[in-house]
1. Filter region B:47-67 down to the residues that are aliphatic (A, V, I, L, M) and at pLDDT below 65 and list them by number.
2. Residue by residue through region A:208-225, note down the ones that are of a type in the set (D, E, K, R) and either surrounded by fewer than 15 Cβ atoms within 10 Å (Cβ to Cβ) or in a strand (DSSP E or B) (or both).
3. So is residue A:230 at pLDDT 90 or above and part of a loop (DSSP other than H, G, I, E, B) or not?
4. Please work out if residue A:87 is in a strand (DSSP E or B) and more than 15 Å from residue B:115 (Cα to Cα).
Amino acid sequence: MIRGVSIVFAAGLITSGLFGQRPGPRMEHGDFALVHAEFGGQNKVVQGAPYSAQAVTQFTQALPNGDHIQRTTTASMARDSQGRTRTERSFGAIGALSAERGGTPTVMIFDPVASKSYVLDASSRTARSMAIPAPHTRPADAEAHARPERGQAFAKTEDLGTQVIQGVSAQGKRVTRAIPAGKEGNEKEIDIVTETWYSPDLHVVVMSKTSDPRFGDSTYQLNAINRTEPDPALFTVPSDYTVKEGRPEGRPMMRRGPEAAQ
Amino acid sequence: MNEKDVDNLPELLDDLRILAADGPVEAPGHIEARLRMEFRRKKRRRNLVTWTPWLGVAAAASIALFVWIRSESQKPAPAPEVAVHAVAPVAEEETDGFYPLPEAEALPAVENAMVVRVQLPVSSLQLMGVPVNEESADLSVQADLLLGQDGLARAVRLVE
């Protein structure tokens, strides 16, 4: 189904003349240039469970010519008792993609107490501020927003029990999704394995491993988990920053799904 | 009371009957001593019978108290109250329209999402599992990528 949509999507890209975009500067395959960042979709607000940690994501993709793409990205994460979060991440890589000019750190502060989110730009000393709508009553995870249901009929879930990871008790599960032989033109069955370790105390995934023979392997882990209250200053805009309301360029992100591309 | 005392009780009664039949004379020393001993024994027995139920009640109460204190002490300390809810950081209509990436279907659920707008060659979409036409591969486009907490892309939306 998704493959079908992909093809429609790809076809849409072509027939729409690449959506009327002006050709940008020539970039190499696998490169990208960050324009800006912001919060997106739903965010989980957890109050009463402060922590700070270093998140490390490693991505490995095997190419058909035998070469490998390997990327490692890190992020500093913090959350206070009120549910405010701060993420400092360098967008030097996104999966197999690599930033053309390296990655400058972007700080994102999510403040449900003040109903504001901020994206700090250290180079221009500016903070983009956006209002947070009232809390939803929907379930806390944003899975439905981004997770296709594909392959669920072939999924097998195993309980891996409880393990202490980086000093935090975590519950593990392994989900194996099988793509039967022939379903995607594959000669043999493809097993896609996802192992997730979730801390019920912190309400975060502390470690995950994904192995997908089609796209590569990724591991994500929170290191140096500290459960003391982080410095409150982490969740405020520095006084020497200029706060600007709204998104850069003042234009909303445009809706352009596969249907629109046709 | 010991077995010897029980065994000698009929003998003591016989001695007392003989003594009563002989008239009001002072009892011999050995009879008096045994009589006193028998009185003391009866008294001890009465005391025991009187206190035993109360001792049982007290013991049961003590055990109950011990069990209660122990169970209370073994209860985990009340955990700090944790509340979880979800909010959309921006208006919902401005974050939908995303197309799930095939490469993301095995990734863990998104806990906290972020959107990055990137400029990238069409060919880079191939690396995320999106099939593209080779003729357009070199062209550069703008796209929004929905990232999870791990910084990996879950969905893409093309920017007009």
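The values are calculated or read from the model by the stated rules, or taken from the named source; none is laboratory data. The model shown is predicted, which means the values in this text are computed figures rather than measured ones. A quick note on method: Cβ atoms are made from the backbone with ideal geometry, for glycine too, and the neighbour counts reach across all protein chains shown.
1. Applying the first criterion (aliphatic (A, V, I, L, M)) to region B:47-67 yields B:48-49, B:55, B:57-61, B:63-65, B:67.
Listed by number, the residues that qualify are B:48, B:49.
2. First, the residues of region A:208-225 that are of a type in the set (D, E, K, R): A:209, A:212, A:214, A:217.
Selection gives A:209, A:212, A:217.
3. On the way: at pLDDT 90 or above: yes; part of a loop (DSSP other than H, G, I, E, B): yes.
For residue A:230, the condition - at pLDDT 90 or above and part of a loop (DSSP other than H, G, I, E, B) - is met.
4. Numbers: in a strand (DSSP E or B): yes; more than 15 Å from residue B:115 (Cα to Cα): no.
Here the answer is no, as residue A:87 does not meet what is asked.
For (1) outside the structural domain of residue B:97 (by TED's automatic domain parsing); (2) in a strand (DSSP E or B); (3) of a type in the set (Ser, Thr, Tyr); (4) more than 19 Å from residue A:59 (Cα to Cα), each residue gets a yes or a no:
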| residue | (1), (2), (3), (4) |
| --- | --- |
| B:113 | no, yes, no, no |
| B:116 | no, yes, no, no |
| B:119 | no, yes, no, yes |
| B:124 | no, no, yes, no |
| B:128 | no, no, no, no |
| B:138 | no, no, no, yes |
| B:145 | no, yes, no, no |
| B:154 | no, yes, no, no |
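Yes or no, residue by residue, for (1) touching a Leu at 6+ places or on another chain (Cβ under 9 Å); (2) closer than 30 Å to residue A:117 by Cβ; (3) within 9 Å of chain B (Cβ to nearest Cβ); (4) surrounded by fewer than 21 Cβ atoms within 10 Å (Cβ to Cβ):
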residue	(1), (2), (3), (4)
A:188	no, no, no, yes
A:193	no, no, yes, yes
A:197	yes, yes, no, no
A:206	yes, yes, no, no
A:227	yes, yes, no, yes
A:232	no, yes, no, yes
A:239	no, yes, no, yes
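Condition check ((1) more than 7 Å from chain A (Cβ to nearest Cβ); (2) crowded, with 21+ Cβ neighbours inside 10 Å; (3) without any contact (Cβ under 8 Å) to a residue 12 or more places away in the chain) across all residues:
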residue	(1), (2), (3)
B:99	no, yes, no
B:105	no, yes, yes
B:108	no, yes, no
B:111	no, yes, no
B:114	no, yes, no
B:118	no, yes, no
B:124	no, yes, yes
B:128	no, yes, no
B:131	no, no, yes
